[in-house]
Amino acid sequence: MAATSSTATLTPLLIHLLRGASDHASVAATHAKLLKVGTASSVSSCNHIIAAYCRCGTTAHATYLFDEMRDRDVVSWTALMSGYSSAGRPRVAVSLLRSMSHSGVPPNAFTFSTAASACARLANAELGRQVHARAEVVGYASDAVVATALVDMYGKAGSIEGACAVFDGMSDPVRNVVSWGSMLSVYAQNALGREAIQLFAEFRTKRNVMAPNHFMLSSVVNACAGVGRLGVGKSLHGAVLRFGHGCNDVIAVALVDMYSKCGFYEYSRKVFDRIEQPSVICYTSIIVAAAKYGIGRCALTLFNEMIDRNMQPNSVTLLGVMHACSHSGLVDTGLHLLQFMQSKYGISPCASHYTCAVDMLGRAGRLDEAFELANKVQAEDRDALMLWSSLLSACRTHRRLDLATRAGHRVSEFNQDVAGALVVMSNAYTSAGQTDNAAAVWSNMRQQGIRKDPGCSWIEIKDIPYVFYAGLVSPAGTRADEVMMLLDELEGKMREKGYNGRLGSTRVFDAHEEDGEDGKGVMVGVHSEMLALGFGLLVIPKGMTIRVMKNLRMCCDCHDGFKLISGIMEREFVVRDLNRFHHFRMGSCSCNDYW
């Protein structure tokens, strides 16, 4: 009787120890004690032991125990599935769902959500659809937990339609804050920032029922960063503070990124400075922000501050510092970091680090060194394309047609995402007077069906984005004629100051914007950033900075134009292009023409 009483007392205590154990030794020791008291073979105890072994990463022990069980229930199967998924073996987790169906044990909602999460790790929509179909058959697809996991799975597999279908099929009582957050995250992670912002606005109409959590808020803030929606981002910052998430690191990092990408580095720095104990991720975020603004010495100061706090940088941190060196002309500093990255920080340089080094050398005109380094780098697929495209761009800038031709041949070996690089190659030929070769590049692009995305720029007025394309002033609405008149007037004043280009003229094609595809000098419209600027000058009061976002690299003509206009109009402009930020003030740019 006493032994039975002792066992009944010890078993719950040992199970409690199992739940808190996080290392193999502790789990094994507790397992041994359960064996000693004779309760380790019960289904409930086995389930706890399996879950504990999985939690500390020893799935082999968990599987051995699972195979030795005479009776298994749904918790046994689900615990092992979860363990394999967390251990980076999601395909095994999904295969267990199939085996489970043959065992006669019916799955529950948690089983299906675990299987869906495993498919999300695989980013396999086809496998996910099979799990979804089985959940539909047994009636669990409408469960909040399962449906939310399916939304996440479809999103991570790149099937936006699948995620939307599941989310739209959820009734309002079933949708909870996690479901909404999952759908928002799908939009944000798939570069659909505007859709994420619209969905959050819809969620806010239900705020009397649900308050956003920090995951949801960070997703929407990230969406604002992606599309440059400063007004909405500021409102979200206010919501973050109202809902008590101001000290959350995840949201703080998102806010630092959002403000920097919307052209407000000073706000990014304010958010960062208010973080009491910034993590490596926080430091990395502000270092990358400084890099985008070309303030390399500031980025290096932040990096040294982080090292002084005995914090270990990660690969992205070091890449951010190298980018800062690249955009600030600190070539030797950046190369020194690359050389000692392994010995000082234990991080092996990857293709991205080498591409940054090639870009750094290329910007500085040290093209022979850049080409030598590029030939030594072991890069494949997209990494290799980025490497040679970067070198090609530098060769064109510095008029090294010999190296541009060799880099262009390497780029032409790829089949995807090569349009921009091939246009740069065409321009290199045109600049050297080799128009036949330039035309041949365009002819080859047409034959292969290669087209590049059109350049566009947008400006936000009272929380509304106005998107402009080359030559199309219609987004300005009733003020379109005023925009064109203003730009014509400014062009005359710029000529008086020695401006050689024209806002809309016969130009050589570049990798920025165009109105045609023949690759020769054609009449192109005013570039999109100029149209956005003209509209901003009309509607944004003097004294306020005009902020323009652009999806491609700013061209030299527009860069020179913005400098002159900033002096003529005595206004400040901030432009975010594909590579960095430009802050124009009184006839000069923050990049010091080094970009």
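Using 1/(1 + (r/R0)^6) with R0 = 60 angstrom and r between the beta carbons of residue 399 and residue 174, what's the FRET efficiency to the nearest 0.05?
So, using R0 = 60 Å, E works out to roughly 0.45.
For region 13-118, with every protein chain kept in place, what is the accessible area per residue (1.4 Å probe, Å²)?
That works out to 48 Å² for each residue.
Using a basic spin-label model with each label point 7 Å from the Cα along Cα→Cβ, how many nm lie between residue 43 and residue 19?
Between residue 43 and residue 19, the simple spin-label model gives 2.0 nm.
Hey, with R₀ at 51 Å, roughly what FRET efficiency would residue 461 and residue 95 work out to, going by the Cβ-Cβ distance, to 0.05?
Computed FRET efficiency for residue 461 and residue 95: 0.40.
Using the alpha-carbon centroid of each, what span in Å lies between region 244-307 and region 133-161?
36
Probe radius 1.4 Å, ligands and nucleic acids ignored: give me the carbon and sulfur share of the accessible area of the chain as a rounded percent. Mind showing how you got there, number by number?
Numbers: 14330 of 27640 Å².
C and S atoms contribute 52 percent here.
In nm, what is the difference between 0.36 nm times the number of residues separating residue 280 and residue 312 and their Cα-Cα distance?
10.8 nm
Trypsin sites (Lys or Arg not before Pro) within region 297-346: which are DSSP loop residues with at most 14 other Cβ atoms inside 10 Å?
Sparse-neighbourhood loop trypsin sites (Lys or Arg not before Pro): 309.
Taking 7 Å along the Cα-to-C-beta vector as the label spot, tell me the residue 500-residue 28 distance in nanometres, rounded to one decimal.
7.5
Given the peptides 476-487, 544-555, arrange them by the average over their residues of other C-beta atoms within 10 Å, most packed first.
544-555, 476-487
Sum up the charges of everything whose Cβ sits under 15 Å from the Cβ of residue 588, counting Lys and Arg as +1 and Asp and Glu as -1, but leave residue 588 out.
Details: positive: 497, 563, 571, 585; negative: 560, 570, 572, 593.
Net charge around residue 588: 0.
Could you sort the peptides 328-336, 131-139 by per-residue average Cβ neighbour count (10 Å cutoff), highest mean leading?
Values: 328-336: 18.4, 131-139: 16.6.
By packing density, highest mean first, the sequence is 328-336, 131-139.
For residue 568 and residue 592 in one chain, what is 0.36 nm times their gap in residues minus the Cα-Cα distance, to one decimal in nm?
Contour length minus the Cα-Cα distance gives 6.8 nm.
Can you tell me the order of 463-474, 46-57 when each peptide is scored by its average per-residue count of other Cβ atoms within 10 angstrom, highest first?
In descending order of packing, they fall as 46-57, 463-474.
Would you mind calculating the gained length between residue 343 and residue 69 on full extension (0.36 nm times residue separation, minus the Cα-Cα distance), in nm to one decimal?
The residue 343-residue 69 span can extend by a further 93.7 nm.
Do any chymotrypsin sites (Phe, Trp or Tyr not before Pro) in region 298-367 lie in a DSSP loop with no more than 11 other beta carbon atoms within 10 Å, and if so, which?
Loop-located and lightly packed - 340.
Listed here are the pairs 234/462; 462/542; 344/376; 261/550; which of them are more than 20 Å apart at the Cα?
Numbers: 234/462 12 Å; 462/542 15 Å; 344/376 22 Å; 261/550 11 Å.
Pairs exceeding 20 Å: 344/376.
Can you pull out the trypsin sites (Lys or Arg not before Pro) in region 183-267 whose DSSP state is coil and whose Cβ has at most 12 other Cβ atoms within 10 Å?
Filter output for region 183-267: 206, 207.
The values are calculated or read from the model by the stated rules, or taken from the named source; none is laboratory data. Computed from a predicted structure; not experimentally measured. Cβ: placed from backbone, ideal geometry, glycine included. Neighbour counts: every protein chain shown. With ligands, DNA and RNA removed, areas are computed over all heavy atoms of the protein, side chains included. Shrake-Rupley method; radii C 1.70, N 1.55, O 1.52, S 1.80 Å.
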